[in-house]
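The values are calculated or read from the model by the stated rules, or taken from the named source; none is laboratory data. From a predicted model like this one, the values you see are computed outputs, not experimental measurements. For neighbour counting, all protein chains shown are included, and Cβ atoms are generated from backbone atoms with ideal geometry for every residue, glycine included.
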Amino acid sequence: MAIFKDKNYFRVDLSKEPDESLWMRCKSCGELVFKRRIRENNNICPNCGAYFFLTAKERLESLIDEGSFVDISKPIMDDDPLEFTDTKPYPKRIEEAQEKTGLASAIILGSATVSEIPVVIGVMEFQFIGGSMGSVMGEQICHGMEEAIRRRVPFILVSSSGGARVQEGIFYLMQMAKVATVRTRLAEEGIPFISVMTYPTTGGVLASIASLGDVIIAEKGATIGFAGRRVIKDTIAEELPENFQTDAFALAHGAIDRVVPREDLKDELGKLLSLFVEVG
């Protein structure tokens, strides 16, 4: 269940905030690296090529044309229909995620241009309760697809999610069905849908919307799968391949169309969009 809250609703601001520390250590090679060099290198270590984790804002900035983003998200926030409590009450968990990320929910939604081609784009934030899809994310994705239909522009969804949000019970299950239904309208209207899978794309998000793109591309190094490796192994009582649930495994088995290095993602999106949209 999602409730409308115009007051104190977070609108996404892509303006840069001052960075207190100038250097950071790469966990892969152990080298100290100048943060500005990392940002200029698509958040990739210039020494060893390891990928640093991207926030949704950083991901969005890396894919769209500078200055083109306009937030079009609905002013809605999560409710607590089950009065759910695990180690802490669900509303408290939402509040902490909002404070940590500066976002209202686990997805940024807006209009923008990619290689000067207008699009509607949604980018998930993994740091917001694991990028899990609750009622708000589902509503925002549906809203984005409906806006893409209204504007007659392609829809892009960048996934980074641990799956569905169990704290909302059947309400998140309803969103899985709803996003798949609205996605069908995209197809009926002839609106292109490009799905971009990043690390990780799993669970209900993979099953309900991320795997339904007209074109599905994965960032190099993405984890792609429904249930956890150990759960699957124990369920089928068989050994799994070493590369199970990797980008290479998904590509070899036809689950995705292409694996793209991070530094090439924006150009790849531009090329794909040009196949669907007449430029100039």
Checklist entry - What is the number of the single condition among (1) modelled with pLDDT of 95 or more; (2) under 15 Å from the mean Cα position of the chain (by Cα); (3) under 18 Å from residue 198 (Cβ atoms) that residue 119 does not meet? => result (2)
Checklist entry - Which residue out of 201, 223, 246, 235 is under 14 Å from the mean Cα position of the chain (by Cα) and farther than 29 Å from residue 277 by Cβ? => result 223
Next on the checklist: Tell me the residue from 115, 73, 68 that is crowded, with 22+ Cβ neighbours inside 10 Å, farther than 20 Å from residue 204 by Cα and of a type in the set (S, T, N, Q), please.
Outcome noted: 73
Item to check | Conditions (1) under 21 Å from residue 59 (Cα atoms); (2) crowded, with 23+ Cβ neighbours inside 10 Å: number failed by residue 179 | outcome: (1)
Next on the checklist: Given the criteria surrounded by 15 or more Cβ atoms within 10 Å (Cβ to Cβ) and in contact with a Leu (Cβ under 6 Å, 6 or more places away or on another chain), does residue 215 qualify?
Outcome noted: yes
Checklist entry - Is at least one residue of segment 47-65 surrounded by 12 or more Cβ atoms within 10 Å (Cβ to Cβ), part of a helix (DSSP H, G or I) and of a type in the set (Ser, Thr, Tyr)? => result yes
Item to check | Index of the failed condition, residue 77 passing every other in (1) in contact with a helix residue (DSSP H, G or I) (Cβ under 6 Å, 6 or more places away or on another chain); (2) assigned to a strand (DSSP E or B) | outcome: (1)
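Filter segment 140-177 for residues that are part of a helix (DSSP H, G or I), among the polar types (S, T, N, Q), in contact (Cβ under 8 Å) with a residue 60 or more places away in the chain and touching a Gly at 6+ places or on another chain (Cβ under 7 Å) and give the result.
140
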Item to check | Of residues in segment 127-151 being of a type outside the set (Gly, Ala, Ser) and out of contact with any helix residue (DSSP H, G or I) (no Cβ under 8 Å at 6 or more places or on another chain), the one nearest to residue 173 (Cα to Cα) | outcome: 136
Checklist outcome for this item: Considering residues that are at pLDDT below 90 and touching a strand residue (DSSP E or B) at 6+ places or on another chain (Cβ under 7 Å), the number found within segment 77-102 is 3
Checklist entry - residue 96 passes all but one of (1) farther than 28 Å from residue 275 by Cα; (2) touching a Leu at 6+ places or on another chain (Cβ under 7 Å); (3) of a type outside the set (Lys, Arg); which number fails? => result (2)
Checklist entry - Can we say residue 183 is closer than 21 Å to residue 124 by Cα and of a type in the set (Lys, Arg)? => result yes
Checklist outcome for this item: Residue hits (segment 126-139; part of a loop (DSSP other than H, G, I, E, B) and more than 21 Å from residue 183 (Cβ to Cβ)) are 126, 127, 128
Item to check | Only one of 37, 93 that is in a helix (DSSP H, G or I) and closer than 17 Å to residue 131 by Cβ | outcome: 93
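Residue-by-condition table, conditions (1) at pLDDT below 80; (2) in contact with an Asp or Glu (Cβ under 6 Å, 6 or more places away or on another chain):
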site: 3; (1), (2): yes, yes
site: 9; (1), (2): yes, no
site: 12; (1), (2): yes, yes
site: 20; (1), (2): yes, no
site: 23; (1), (2): no, no
site: 26; (1), (2): no, no
site: 36; (1), (2): no, no
site: 44; (1), (2): no, no
site: 48; (1), (2): no, no
